[in-house]
Amino acid sequence: MTRYADTFAALREKNEGAFVPFIMLNDPSPEESIEIVSAAAEAGADALELGVPFSDPVADGPAIQKAHVRALDGGSTVDRALDVVREIRSRYPDLPIGMLIYANVAYVRGLDAFYREFAEAGADSILLPDVPVREGRPFDAAAEEAGIDPIYIAPAKASPATLQGVAAHSKGYIYAISRDGVTGTERESSVDGLRDVVANVQSYGGAPVLLGFGISSPEHVRAAIEAGAAGAISGSALTRIIDAHVTGEHPAPGRVTDMDALKKELSSFVAAMKHATVKS
């Protein structure tokens, strides 16, 4: 049993879905991001999705793009991101940790070394948002060798061939998106629309489905769970909370102005989002 399988099984026993916050590593600095990620974990996150800063994050909207840039301005590197993952794993040995990383990072480091390094640091899964499932076999092979679960995105209007591939090659969970576009575009939650998306992905079997993109309120999480998803992922809403507590503008490094206030607001948000996963 993997950490994901254990977590989803435990949540089913409690009649709950999963809430998974996305947080950019090293934003605005490695030390501060450790405290931010820890606050989310302590507030009830069922798993974590952690971003590795990259200069051209094509799948992300303005809020998360700014977090990438801010972390890079603060001197973030892949090695520093790995250090933070090691620390988070040491603090939370049973919590699933997923990584969101752009493919150039994997190519530059070499696929085998890339997956091995993140596995050794404590990561459970890696999602490369700019690698479609039809091009994923070299990544899958390296991930399997390292003991990492590859995660693929199931687009809302994907072809049957794409969904078959996503179901066959995603391990741990499937990242389903409810609409086209980039992260951070908020939407009105529509239970009927979400149910169609989830049912379409689930019809091909595979790992549990987590819904992402536009998940910014407890109502969105509740709608995702009611639609049949195993849980929901939220990133831009958390990133905006962090942004509101950070000084400094590109290219100057940022700093958290009041960590206690940031952690209080972020913890309240995560707790409310987690509460929305409890099924009636």
Task: the stretch 111-122: number of residues that are buried (at least 20 other Cβ atoms within 10 Å of the Cβ) and more than 20 Å from the chain's Cα centre (by Cα) - done: 0
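Determine whether Ser125 is open to solvent by 30 Å² or more (accessible area, probe 1.4 Å), small (Gly, Ala, Ser) and at pLDDT 95 or above.
Working: open to solvent by 30 Å² or more (accessible area, probe 1.4 Å): no; small (Gly, Ala, Ser): yes; at pLDDT 95 or above: yes.
The answer is no for Ser125.
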Task: Failed item, numbered, when Ile23 is tested on (1) closer than 24 Å to Val209 by Cα; (2) assigned to a helix (DSSP H, G or I) - done: (2)
- [ ] Among the numbered conditions (1) within 22 Å of Leu127 (Cα to Cα); (2) among the aliphatic types (A, V, I, L, M); (3) out of contact with any Asp or Glu (no Cβ under 8 Å at 6 or more places or on another chain), tell me where Ala223 comes up short.
- [x] (1)
Open item on the list: For the stretch 188-196, check the following and say yes or no: at least one residue is of a type outside the set (Asp, Glu), at pLDDT below 95, part of a helix (DSSP H, G or I) and in contact with a strand residue (DSSP E or B) (Cβ under 9 Å, 6 or more places away or on another chain).
Closed with: yes
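May I ask you to verify whether Thr77 is without any contact (Cβ under 8 Å) to a residue 40 or more places away in the chain, polar (S, T, N, Q) and open to solvent by 40 Å² or more (accessible area, probe 1.4 Å)?
On the way: without any contact (Cβ under 8 Å) to a residue 40 or more places away in the chain: yes; polar (S, T, N, Q): yes; open to solvent by 40 Å² or more (accessible area, probe 1.4 Å): yes.
Yes: the conditions hold for Thr77.
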TODO: Taking Ala261 as the residue in question, decide whether it is surrounded by fewer than 15 Cβ atoms within 10 Å (Cβ to Cβ) and small (Gly, Ala, Ser).
DONE: yes
Open item on the list: The conditions are (1) in a helix (DSSP H, G or I); (2) open to solvent by 30 Å² or more (accessible area, probe 1.4 Å); (3) over 17 Å from Leu128 (Cα atoms); (4) not aromatic (Phe, Trp, Tyr), and Val84 fails exactly one of them. Which is it?
Closed with: (2)
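Out of Lys157, Lys171, which single residue is open to solvent by 10 Å² or more (accessible area, probe 1.4 Å), modelled with pLDDT under 95 and either within 30 Å of Gly228 (Cβ to Cβ) or within 14 Å of the chain's Cα centre (by Cα) (or both)?
Numbers: Lys171 fails: modelled with pLDDT under 95.
One residue alone meets the criteria, Lys157.
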Task: Residues satisfying the stated conditions in the stretch 40-74, i.e. among the aliphatic types (A, V, I, L, M), assigned to a helix (DSSP H, G or I) and open to solvent by less than 10 Å² (accessible area, probe 1.4 Å) - done: Ala40, Ile64, Ala67, Ala71
- [ ] Could you grab me the full set of residues in the stretch 1-49 that are more than 29 Å from Arg80 (Cβ to Cβ) and touching a strand residue (DSSP E or B) at 6+ places or on another chain (Cβ under 9 Å)?
- [x] Phe8, Ala10, Leu11, Lys14, Asn15, Glu16, Gly17
Open item on the list: Based on this model, can you work out whether Ile148 counts as modelled with pLDDT of 95 or more, closer than 29 Å to Glu120 by Cα, in contact with a strand residue (DSSP E or B) (Cβ under 8 Å, 6 or more places away or on another chain) and open to solvent by less than 10 Å² (accessible area, probe 1.4 Å)?
Closed with: yes
Task: Residue ID - modelled with the lowest pLDDT, chosen from residues in the stretch 197-209 that are closer than 13 Å to Ile153 by Cβ and in a helix (DSSP H, G or I) - done: Val197
Task: Odd one out for Arg134, checked against (1) surrounded by 19 or more Cβ atoms within 10 Å (Cβ to Cβ); (2) farther than 17 Å from Ile101 by Cα; (3) at pLDDT 95 or above - done: (1)
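Listed here are the residues, each with its yes/no results for (1) modelled with pLDDT of 95 or more; (2) within 29 Å of Phe139 (Cα to Cα); (3) open to solvent by less than 50 Å² (accessible area, probe 1.4 Å); (4) more than 19 Å from the chain's Cα centre (by Cα).
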| residue | (1), (2), (3), (4) |
| --- | --- |
| Gly181 | no, yes, no, no |
| Ala229 | yes, yes, yes, no |
| Ser234 | yes, yes, yes, no |
| Val246 | yes, no, yes, yes |
| Val270 | yes, no, yes, no |
Open item on the list: Would you confirm whether or not the stretch 237-248 contains a residue that is in a loop (DSSP other than H, G, I, E, B) and not hydroxyl-bearing (Ser, Thr, Tyr)?
Closed with: yes
Task: Subset of the stretch 220-236 (residues that are assigned to a strand (DSSP E or B) and hydroxyl-bearing (Ser, Thr, Tyr)) - done: Ser234
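The values are calculated or read from the model by the stated rules, or taken from the named source; none is laboratory data. This structure is a prediction, so every number in the text was calculated from the model and none was measured. Positions of Cβ are generated from backbone atoms using ideal geometry, with glycine treated the same way; all protein chains shown enter the neighbour counts. Areas reflect the complete protein model, heavy atoms only, side chains present, ligands, DNA and RNA absent. Shrake-Rupley method; radii C 1.70, N 1.55, O 1.52, S 1.80 Å.
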